[in-house]
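Report on the following structure.
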Amino acid sequence: MPIGMQRAVPRLPVSGLRDYILEFASARGVVYVETPADKLADTITRLSDDEIHLDEIERLLIALERAGVVASNSVVPLHINYLREELNVRSV
């Protein structure tokens, strides 16, 4: 793609992520719906003696990516910023 034709990537927020993600998903009518693959992944994870508990926001990030509303390369930074904020961790 020619340099002038690249889509501008919006600046991702680094604070207020919980509200940002809730409002972003709500405005687009996106909700998380557990799939059979999600259930299988949870079962495999549990059987491997590890459990991961995603909260509402993390599930919404999955739903936003699945719906094609947020690109995969934007989900990870959003998730990282959300976790940093929730866990009160500063970047290095």
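The values are calculated or read from the model by the stated rules, or taken from the named source; none is laboratory data. Being a predicted model, the structure only gives us computed values, none of them experimental. We place every Cβ from the backbone using ideal geometry, glycine too, and count neighbours over all the protein chains shown. With ligands, DNA and RNA removed, areas are computed over all heavy atoms of the protein, side chains included. Shrake-Rupley method; radii C 1.70, N 1.55, O 1.52, S 1.80 Å.
Dipole check for region 7-92: with +1 at the C-beta of Lys and Arg, -1 at the C-beta of Asp and Glu, and the Cα centre as origin, the magnitude is about 500 Debye.
Per residue, the chain exposes 78 Å² of accessible surface when a 1.4 Å probe is rolled over the protein heavy atoms with every protein chain present. The distance linking region 31-55 with region 56-92 is 17 Å (Cα centroid to Cα centroid, whole angstrom). Computed 3J(HN,Hα) for region 70-77, one whole-Hz value per residue from the Karplus formula 6.51 cos²θ - 1.76 cosθ + 1.60 where θ = phi - 60°, is 10, 5, 3, 6, 9, 5, 4, x, glycine and proline marked x. Here the Karplus curve 6.51 cos²θ - 1.76 cosθ + 1.60, taken at θ = phi - 60°, turns the phi angles of region 20-31 into couplings of 4, 5, 4, 5, 4, 5, 4, 5, 9, x, 9, 10 Hz, with x standing for Gly and Pro.
At a 1.4 Å probe, what is the % contribution of carbon and sulfur to the accessible area of region 42-90?
Answer for region 42-90 is 50 percent, counting heavy atoms of protein chains only.
Assuming R0 = 41 Å, can you tell me the calculated FRET efficiency for the pair Ser48 and Arg28, based on Cβ-Cβ distance, to the nearest 0.05? E(calc), rounded to 0.05, equals 0.75.
How high is the relative contact order of the chain, in percent, counting Cα pairs under 8 Å that sit 6 or more residues apart?
40
For the chain, the orientation-averaged shadow of the C-alpha convex hull comes to 8.3 nm² (one quarter of the hull surface).
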